[in-house]
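Enquirer: Dropping the structure in here first, questions after.
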Amino acid sequence: MAAQIKKEAVLDETALRKKAIIKQRIISIIPLIACLILAALYLIFASIKGYSISIGLQTIISDATLVALVATGATFIFTSGSFDLSLGSNMLVSALLGGLVGSATNSLVLMLLTSIGVAVLLSVLNSTLASVFNLPVFIMTIVMMSVYGAVATLILTTLGKNAQISVPMALVEPLNTTWFRVILIVGYELLCLFLFYILKLGRQQKFLGGNPFCAYLSGIKSKRLTIISFALAGIGIGLAAFSMTVQTPTLSASSGSSVGMNMLIALVFGGMTMSGGPKSKMYAALLGAFSMSFLDAFMNIFVSGSWYLQIVKGVLFIIVVFLINMGNKVKLLER
Amino acid sequence: MDSGLQERVRGEVIMQINHMRKTFGPTIALNDVDLTVKRGEIRGLIGENGSGKSTITSIFSGMQGCDYGEMFYKGEPWNPKSMKWASDHGVGMIVQESGTVPGITVAENMFLCDTDRFAKGKLFVNNAALMKAAQAALDDIGAGHIKANRITGTLDMMDRKLVEVAKVWMKNPEIIVVDETTTSLSQIGRDIIYGLMTRMKESNRSVVFISHDLDEIMEKCDTLTVLRDGKIIRTFEKEEFDPDAIRTSMIGRELQGDYYRSDWDGSYGEKVVLELKDVSLRDQARNVNIQAHEGEILGIGGLSGCGMHTIGKIMYGAVKPEKGKVFVRGKELKNPTQAMKNHIGYVAKDRDIESLCTHASITDNIAIGGLDKIAVGRHFILRKNEKKYVKKHSEFMKVKCFSTSQPVSELSGGNKQKVVFAKWIGRDSEILILDCPTRGIDIGVKQTMYQLMYAMKREGKTIIMISEEMTELMGMADRLIIMKDGTVTKEFPRSQDLSDAEIIKYMV
């Protein structure tokens, strides 16, 4: 009996390591598997129920693009350990001002540049003010969310008609295609992947998010890096604002109102850690945005009503965050 | 109790562990471990970092469970539900790292899960009674200088540790585990722990004492168990204690070569590379003037609150002095970024908080110090170059890992410190500020660190070694500066005749 106990107690370290590596790899591809499952479920049930797959996919790409643009930019912020609650209101202000310039000049290029410029400016303003007042950036973004919301209302009531700003359909029509949206998201994603994985920047951001004090002692200028992160996020917000205007040329106070929440859900679904740091993944936003859009489309087959979808997404969000937290709990005793 | 009965009680087994196994992912922390501790025994546990000492005691103390095996306490099966549960039933543990909550009072920390004892009605706590009980417990262990109403975060590391000691002691434990606690204490704190250990032994209770300090463990323990790679290697009885045999058991081979440096030549270059001029900062530095030279190992010693750790941070530009300046090769130094550009490296005392991002991989932690070395065209980091850089320096430091993508949190203390060294050595640091570089590190890694410092000195590099361990300062430094209350009280040149007693006069 004693000999048997002894045999069971002695372990093979190589086998354990192999097992742990396999487990780690499986965990890392779970978001991709989830996305593929949701896509498959949608395609199967949409075919069975006789829905048009082509139209469905166009809607999915359109929804996913908007969320992915914002969420991909926000990944820079999250990675460096910050948080921005004003993304949605920033996007609205950028879209409104971009729309005004587009209408006034009849130029898509100026509309695009204005949207990006305003979004970057507002985003940088958040981080700069936080730096000036020495406040945590997310505190500043709570304040600025209200401020930008008020600015949007002011623009709509003073410069709009019936609290709406309309961009001529003829101006945006040529770009209101799925291909344009695909090019937009692929281009921005590639840029972000390059910045994140090929430049020093990404490594520094991850380290800053992982341990700010150690990052400081490692020569990383945290304030400068935070401002850069917000500026890069601003580019994504500006592109999303432009894309939203192209898609829906009549802008009101409710335009893009769900983007802030959807961005968070997309990041979590894509496997991004909310605390940022070294385990952050730049592609998580894109993956999560598509998972979420497939989920929306799948559920729309069976039920109608956005309230229902929001509840389901909310519940799934909590479950995924719970599972991530369980996985991140320190399992190893400090020795 | 008559002496015969006392003797019988003394021999009773109080703690027994059979065939214990514990894994953390791919790491085998304990592999078929048996351990028996008797009443009235002070049992030492010694071994390299990662050998499983803390794991075995933490399982017995209810901090975590095991994968396999059985435990007995006073002859009964023992399956603690939590640390508090174990503590309530007579098994207390003083942990290696900080075990207090910084934002609450000392008294609240001590009765963190026991405030019901001081309930006033259903909603309120009798604060006066809480304070009184906590102060009595602090007084009982000889730490009456700590006031129970102080906010714990305002205490220094030693006093915080003593609060933990009092917290464990006041439960009147039958077994106390002292896990690598003495390294964070000055002599006064150590004496308090030693006194408690003696009281435990005299009252037929038991102590499991974990330490890397061989002299200390040999002096205080009755028996000594050596662990290596999660296995029990040998248990030595008091009469078998032999430092060489214990060291050999610990590292699995004889310790070759010098431990500290062998020469007593305290010469160094004339060129001043780092200088503090009239530096002052609250009670941590009072008009401090220090010069470090090319090819010098400069030792800075003192009690833990003497200001030497702050001086280390000031030297690196991480803390700005209220008065005075820091110069590197004649140029003023203002922040860590400038320090790095001037080839200064800094190994902080608090390794997990200040020197490492523990959730990040070995690669991330080593590469972050050398991004400018790895970068192509200043900004581009090619994964191939990064891997090559990390591989070179982790192999040079002999970091024990199964892959450099392994998170640092999975490494032992000694291997974590090797990663920190690799980070700074990789970027060719010419001035290395080392704050307690061997804290909590086993003998084999210590020797590696000492020899590395000596090799760097011979290459003309400068080492500033801040330490609370006088023996290592005397063994390594060309020049030794002693600090007390933020001032430099004495400077000693390297000498074989220098004694602890002579140095301590200027520290206390």
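The values are calculated or read from the model by the stated rules, or taken from the named source; none is laboratory data. Computed from a prediction, not measured in an experiment: that's the story for all the values here. Cβ atoms come from the backbone with ideal geometry, glycine included; neighbour counts cover every protein chain shown. Note: areas computed on protein heavy atoms with side chains; ligands, DNA, RNA excluded. Shrake-Rupley method; radii C 1.70, N 1.55, O 1.52, S 1.80 Å.
Enquirer: Please compute, for the alpha-carbon atoms of the range B:46-133, the extent along each of the three principal axes and give them in descending order in Å.
Expert: Projected onto its principal axes, the Cα set of the range B:46-133 covers 45, 30, 19 Å.
Enquirer: Further question: Thinking of the protein assembly as shown as a set of Cα atoms, what percent of all their pairs are more than 35 Å apart? Each step should come with its number before you reach the end.
Expert: On the way: 206225 of 354903 pairs.
Everything past 35 Å amounts to 58 percent.
Enquirer: Could you work out, residue by residue across A:188-201, how many beta carbons of other chains sit within 10 Å of that residue's beta carbon, and then give the average as an integer? If you can, show how the numbers build up before the last one.
Expert: Details: counts 0, 0, 0, 0, 0, 0, 1, 1, 0, 2, 6, 6, 10, 3.
Mean number of neighbouring Cβ atoms from other chains: 2.
Enquirer: Shifting gears a bit: How long is the gain from residue B:499 to residue B:322 if the chain were fully straight, where each residue apart is worth 0.36 nm and the alpha carbon distance is subtracted? Please list the in-between numbers first.
Expert: On the way: separation 177, 0.36 × 177 = 63.72 nm, distance 3.49 nm.
That pair, residue B:499 and residue B:322, stretches by 60.2 nm at full extension.
Enquirer: Sort out for me the Cα centre separation of the range A:210-279 from the range B:208-287, rounded to whole Å.
Expert: 49
Enquirer: Straight distance only, please: which lysines reach the Cα of residue B:323 with their own Cα at less than 16 Å, same-chain residues fewer than 8 apart left out?
Expert: Filter leaves B:277, B:313, B:334.
Enquirer: Now a separate question. Add -39500 (n - 2.57) for each DSSP H run of 4 or more in chain B, then divide by its residues: what number comes out at 222 nm, to the nearest 500 deg cm²/dmol?
Expert: Details: 18 runs with 172 residues, N = 508.
For chain B, the value works out to -10000 deg cm²/dmol.
Enquirer: Another question, then. Provide, in order from the shortest bin, the percent of all Cα-Cα pairs of the range B:143-265 in each 5 Å bin, continuing until the bin that contains the maximum pair distance.
Expert: Percent of pairs per bin, in order: 2, 9, 17, 18, 16, 14, 10, 7, 5, 2, 0.
Enquirer: Give me a comma-separated list of calculated 3J(HN,Hα) values for the range B:42-59, in order, Karplus coefficients 6.51, -1.76, 1.60 applied at θ = phi - 60°, integers in Hz, x for any Gly or Pro.
Expert: These are the phi-based 3J(HN,Hα) values: 9, 9, x, 10, 9, x, 5, 4, x, 7, x, 4, 5, 5, 5, 6, 5, 5 Hz.
Enquirer: Accessible area lost on pairing B with A, both sides, 1.4 Å probe, Å² to nearest 100? Walk me through the intermediate numbers first.
Expert: Details: alone 22770 and 17670 Å², together 36210 Å².
The summed interface area works out to 4200 Å².
Enquirer: Let me ask another. Residue B:381 accessible area, nearest 10 Å², 1.4 Å probe?
Expert: Residue B:381 has an accessible surface of roughly 0 Å² with all protein chains in place.
Enquirer: Sticking with this structure for a sec: Could you tell me, in Å, what Rg and Dmax come out for the Cα atoms of the range B:330-402?
Expert: 13.8, 44
Enquirer: So which aspartates and glutamates pass the test for residue B:490, namely a Cα distance under 12 Å, with those fewer than 8 places away in the same chain ruled out?
Expert: Correct list for residue B:490: B:502.
Enquirer: Moving on. For chain B, state the semi-axes of the equivalent ellipsoid (square roots of 5 times the eigenvalues of the alpha-carbon gyration tensor), sorted largest first and rounded to whole angstrom. Working shown, then result.
Expert: Values: eigenvalues 312, 150, 111 Å².
Gyration-tensor ellipsoid for chain B: 40, 27, 24 Å.
Enquirer: Oh, and also: Using a 1.4 Å probe over the heavy atoms of the protein chains, calculate the carbon and sulfur portion of the accessible area of chain B as a whole percent.
Expert: Numbers: 10170 of 20740 Å².
So the carbon and sulfur contribution to the accessible surface is 49 percent.
Enquirer: Now, a different point. Would you compute, for the Cα atoms of the range B:87-172, the largest minus smallest coordinate along each principal axis and list the three values in descending order, in whole Å?
Expert: If we take the Cα atoms of the range B:87-172, the spans are 37, 30, 21 Å.
Enquirer: What average number of partner chain Cβ atoms lie no more than 10 Å from the Cβ of the residues making up B:346-358? Display every interim value, and only then the final one.
Expert: Values: counts 2, 1, 3, 0, 2, 2, 3, 3, 6, 5, 4, 13, 7.
Partner Cβ neighbours, averaged per residue: 4.
Enquirer: What is chain B's relative contact order, in percent, from Cα pairs under 8 angstrom and six or more apart in sequence?
Expert: Values: 1020 pairs, mean separation 78.2, N = 508.
15 percent.
Enquirer: Another one. So which GluC sites (Glu not before Pro) in the range B:257-364 are both in a DSSP loop and have at most 15 other Cβ atoms within 10 Å of their Cβ?
Expert: Working: sites: B:270, B:275, B:294, B:296, B:322, B:332, B:354; in loops: B:270, B:294, B:296, B:322.
Those that pass, being in a loop and sparsely packed, are B:270, B:322.
Enquirer: Assign one of three labels to the range A:11-151, namely rounded, prolate or oblate, based on the Cα gyration tensor with a ≥ b ≥ c the square roots of its eigenvalues; rounded applies when a/c is under 1.5, prolate when it is not and a/b is larger than b/c, and oblate otherwise. Provide the component values of the computation, followed by the final result.
Expert: On the way: a/c = 3.20, a/b = 1.32, b/c = 2.42.
Oblate, since a/c reaches 1.5 and b/c is not below a/b.
Enquirer: Continuing with the same structure: Mean residue ellipticity at 222 nm from the helices of chain A, using -39,500 (n - 2.57) per DSSP H segment of n ≥ 4 over the full residue count, to the nearest 500 deg cm²/dmol? Intermediate values should be presented prior to the final figure.
Expert: Working: 14 runs with 258 residues, N = 335.
The helix contribution divided over chain A gives -26000 deg cm²/dmol.
Enquirer: Going by a ≥ b ≥ c, the root eigenvalues of the Cα gyration tensor, does the range B:363-508 fall in the rounded group (a/c under 1.5), the prolate group (a/b larger than b/c) or the oblate group?
Expert: prolate
Enquirer: Only counting protein heavy atoms at a 1.4 Å probe, give the residues of the range A:264-282, ordered by number, whose accessible area falls by 50 Å² or more when the other protein chains are present relative to the chain alone.
Expert: Listed by number, the residues meeting the 50 Å² cut-off are A:278.
Enquirer: Sticking with this one: Treating the Cα atoms of the range B:8-76 as identical point scatterers in vacuum, please give the log10 of the normalised Debye intensity I(q)/I(0) at q = 0.19, 0.26 Å⁻¹, two decimals.
Expert: -0.76, -1.25
Enquirer: Still on this structure, I have one more. Using only the Cα atoms of the range A:34-74, what are the Rg and Dmax in Å?
Expert: Both quantities, over Cα of the range A:34-74: 12.1, 37 Å.
Enquirer: Which percent of Cα-Cα pairs in the range A:58-291 sits in each 5 Å bin, short to long?
Expert: Percent of pairs per bin, in order: 1, 8, 15, 20, 20, 16, 11, 6, 3, 1, 0, 0.
Enquirer: Anything over 23 Å Cα to Cα? Flag those among B:53/B:220; A:200/B:457; B:81/B:167; A:23/B:22; B:84/B:416; A:221/B:325, in the order listed.
Expert: A:200/B:457; B:84/B:416
Enquirer: Something else now. Measuring from label point to label point, each 7 Å out along Cα→Cβ, what is the residue A:173 to residue A:312 span in nm?
Expert: 3.6
Enquirer: Calculate the FRET efficiency for residue B:70 and residue B:234 from the Cβ-Cβ distance with a Förster distance of 30 Å, rounded to the nearest 0.05. Present the calculation step by step, with values, prior to reporting the outcome.
Expert: Working: r = 23 Å, r/R0 = 0.75.
FRET efficiency, residue B:70 to residue B:234: 0.85.
Enquirer: So if the hydrodynamic radius of the range A:13-63 is defined as the Kirkwood radius over C-alpha pairs, what does Stokes-Einstein give as its diffusion coefficient at 10 °C and 1.306 mPa s, in µm² per second? Walk me through the intermediate numbers first.
Expert: Details: Rh = 13.4 Å.
Here the translational diffusion coefficient equals 119 µm²/s.
Enquirer: Please report, in whole Å, how far the alpha carbons of the range A:119-184 spread along each principal axis, starting with the longest.
Expert: 46, 34, 14
Enquirer: So, one more: Just the accessible area for residue B:457, please: 1.4 Å probe, Å², rounded to the nearest 10?
Expert: Roughly 20 Å² of residue B:457 is accessible to a 1.4 Å probe.
Enquirer: About the Cα centre, and with charges only on the beta carbon of Lys, Arg (+1) and Asp, Glu (-1), how big is the dipole of the range A:177-335? Nearest 20 debye, please.
Expert: Working: 13 positive and 3 negative charges, 146 e Å.
So the dipole magnitude of the range A:177-335 works out to roughly 700 debye.
Enquirer: If you keep only loop residues by DSSP, which GluC sites (Glu not before Pro) in the range B:61-165 have at most 12 other Cβ atoms within 10 Å of their Cβ? Kindly include the intermediate steps, with their values, before the conclusion.
Expert: Values: sites: B:70, B:97, B:108, B:164; in loops: B:97.
The qualifying sites: there are none.
Enquirer: Related question: Ordering A:192, B:401, B:113 by how much accessible area each has at a 1.4 Å probe, largest first, what is the list? All intermediate terms of the calculation are to be shown ahead of the outcome.
Expert: Working: A:192 0, B:401 50, B:113 85 Å².
Descending accessible area places them as B:113, B:401, A:192.
Enquirer: A further question on this structure: Give me the inter-chain shielding for B:401-408: mean count of other chain Cβ atoms within 10 Å, whole number please. Could the numbers behind the result be given before it?
Expert: Working: counts 0, 7, 2, 0, 2, 2, 3, 1.
The per-residue average across the peptide is 2.
Enquirer: Right, here's the next one. Can you give me the distance in nm between label points at residue A:162 and residue B:84, each placed 7 Å from the Cα along the Cα-to-Cβ direction?
Expert: 6.2
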